[in-house]
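The values are calculated or read from the model by the stated rules, or taken from the named source; none is laboratory data. Nothing here was measured: the structure is a model prediction, and the numbers come from that model. Glycine gets a Cβ as well: all are built from the backbone with ideal geometry, and neighbour counts include every protein chain shown. When the accessible area is computed, the model is the full protein with side chains, heavy atoms only, and any ligands, DNA or RNA have been set aside. Shrake-Rupley method; radii C 1.70, N 1.55, O 1.52, S 1.80 Å.
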Amino acid sequence: MNGDLVLLIVVVITALSFDFTNGFHDTANAMATSIATGALKPKIAVALSAVLNFVGAFLSLKVAATIANGIVDSGAITLTVVFAGLVGGLAWNLVTWYYGIPSSSSHALIGGVVGATLLASGIKAVKGEGLVSHVIVPALLAPIAAIVVATVGTYLVYVLTRKVGERTRTKGFKIGQIGSASLVSLAHGTNDAQKTMGIITLALIANGTITQNSGTPFWVIVCSATAIAAGTYVGGWRVIRTLGKGLTEIETPQGFAAETSSATVILTSTHFGFPLSTTQVCTGSVIGAGLGKRLAEVRWGVAARMGVAWLITLPAAALVGALAFGAAQLIGGTLGVIVVFVAAVVFAALLYLASRKTAVHAGNVNDEWVGRGTPTQVRTPV
Amino acid sequence: MSYIDVDALWRVMVASLIGGVGIAALFSVGLIGVSSGRVVGRVAGGVCFLLVVAGVLLGVYVMLDK
């Protein structure tokens, strides 16, 4: 087995690992509110979301063999840069998962690639305007758009149904919430699995395994769909808890309004070519659902933690991406990439072990929120 | 280069507001209808739910069309 093939295999495994973390990090986007309101049992919710993500990955197959398109010079993208960028994105996904913070996987991946590119080709290879227009501006606008839609939607839902019997209202909105959450899951599958398909396709082209025009191999589609679905099924319970319980206490009408807002903002932004982060939209919708209900409390401390995390996503992932690229180059060749890969696996394993000490799972994800903005402190109501 | 595609942005905002708030309102009116206990109410509620389903189908179309 030659060095190029080993490098390709490592990149493919790392890309699928990123896809897996993307899945479990983003389960919360669609299902946190359904779990919090009891519309779906936790295990059923993640299973439904996993199936819809899997199906979604097959629905839209216009896969682009690009990474950070319009943000870094395509000529600067080598397999090692892609690998280091993935490591940066992976590391940020895992750290934010540990702290239960919803955070954009796409922005983390872009950050990782930007960091690796900066070290590999210098600042001239990074397009500042692209970074602002593709990442920073949408990151500011996504939550605002979702907050506005969800606030108005929630207010209207409560006003209109104030005379509807509680039983009918709760049952009706539970059904509606499951529908809108399913739509968000499906949209997530069509968007996010394709990123991994594009990266693997790009790696295969760079290695000469396939040609530029041969399209994405079927095994790549199946593997990417499986990885994101498996990640979704594992369920990022820590993030689910923060989004479902931490930001505000959600009732079924609020959950329905929040998921409807998320689905429409995501789909209209897709349609009009102004892509917004699913995570930031869904988080904004939950905040809006809290604002739209009279006397509901939004925990701004938790929201502020998320805001800070979104601000540092790009530089933090870029730093890890640059370090990963630097370390791989320092050691040199395929061995350098393998050493960085092993270091990433060890980091992930240590973080997983640390998370076991304060595990959040299907059994305690809905326990009373005890404050201080962390999902790791759970207390079962007596 | 423009940092913000203002044209796409306002379209997203208006369409999201109409779509998101509209579907939430239609679903709510549907619940009022089916819980009214009258035939006219149930029929009106059913029409509202059908419009919501049409909105969902439009969403799926957008996903497939991109």
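General observations
- For chain B, the mean residue ellipticity at 222 nm estimated from helices alone is -26000 deg cm²/dmol, where every DSSP H run of n ≥ 4 contributes -39500 (n - 2.57) and the total is divided by all residues, rounded to the nearest 500.
- Rounded tilt (10° steps) of B:39-65 against the dominant C-alpha axis of chain B: 20
- Alpha-carbon gyration tensor eigenvalues x 5, square-rooted, for the range A:177-231, Å: 28, 10, 8
- Cα convex hull of the range A:223-382, projected area averaged across orientations, nm²: 12.6
- Cα-derived Rg over Rh, computed across the range A:178-313 with Rh taken as Kirkwood radius: 1.06
- Normalised radius of gyration (Cα atoms, divided by 2.2 N^0.38 Å) for the protein assembly as shown: 0.97.
- Remark on A:S277: its backbone amide H falls under 5 Å from none of the residues 5 or more positions apart or on other chains, H modelled at 1.01 Å from N.
- Helix-derived mean residue ellipticity, 222 nm - over chain A, DSSP H n ≥ 4, -39500 (n - 2.57), to 500: -25000 deg cm²/dmol
- In the context of the full set of protein chains, the range A:31-112 has a per residue accessible area of 30 Å² (1.4 Å probe).
- Gain in span if fully extended, A:K62 to A:I9, counting 0.36 nm per residue against the direct Cα distance: 16.7 nm
- Computed accessible area, A:L141, all protein chains, 1.4 angstrom probe, square angstrom: 40
- The range A:3-365: relative contact order in percent, alpha carbon pairs under 8 Å with at least 6 residues between: 36
- Max mean-square fluctuation residue, GNM over chain A, Cα-Cα springs under 10 Å, options A:W300, A:W237, A:W310: A:W300
- Label-point separation in nm, A:F347 to A:S214, each point 7 Å along Cα→Cβ: 3.3
- Accessible area buried between chains A and B, both sides summed, probe 1.4 Å, in Å² to nearest 100: 3200
- Debye log10 I(q)/I(0) at q = 0.16, 0.19, 0.32 Å⁻¹ for the range B:24-66, Cα point scatterers: -0.44, -0.54, -0.96
- Accessible area of the range A:3-365 belonging to carbon and sulfur atoms, whole % at 1.4 Å probe: 69
- Compared with the dominant principal axis of the Cα atoms in chain B, helix B:6-16 is inclined by about 10°.
- Choice from A:M306, A:M197, A:M31 with maximal GNM fluctuation in chain A (Cα, 10 Å cutoff): A:M306
- Farthest positive-ward along the protein assembly as shown dipole, Cα basis, beta-carbon charges - from A:G333, A:H25, B:A24: B:A24
- Debye, to nearest 20: dipole size of the protein assembly as shown, +1 on Lys, Arg Cβ, -1 on Asp, Glu Cβ: 1380
- Based on every Cα atom in the range A:1-137, Rg and the maximum pairwise Cα distance Dmax equal 17.0, 54 Å.
- Global form of the range A:95-137, assessed from the alpha-carbon gyration tensor, a/c cut-off 1.5: oblate
- More than 19 Å apart - percent of Cα-Cα pairs taken over the range A:237-325: 49
- Most mobile listed residue (A:I205, A:I67, A:I77) in chain A, GNM with C-alpha springs under 10 Å: A:I205
- Measuring nothing but how far apart in sequence close Cα pairs (under 8 Å, 6+ apart) lie, relative to its length, the range B:24-66 scores a relative contact order of 33 percent.
- The alpha carbons of the range A:1-62 give a radius of gyration and a Dmax of 16.2, 54 Å, in that order.
- Counting only Cα atoms, the range A:56-215 measures 64, 32, 29 Å along its principal axes, largest extent leading.
- The range A:286-362: C-alpha gyration tensor shape, a/c 1.5 cut-off, then a/b vs b/c: oblate
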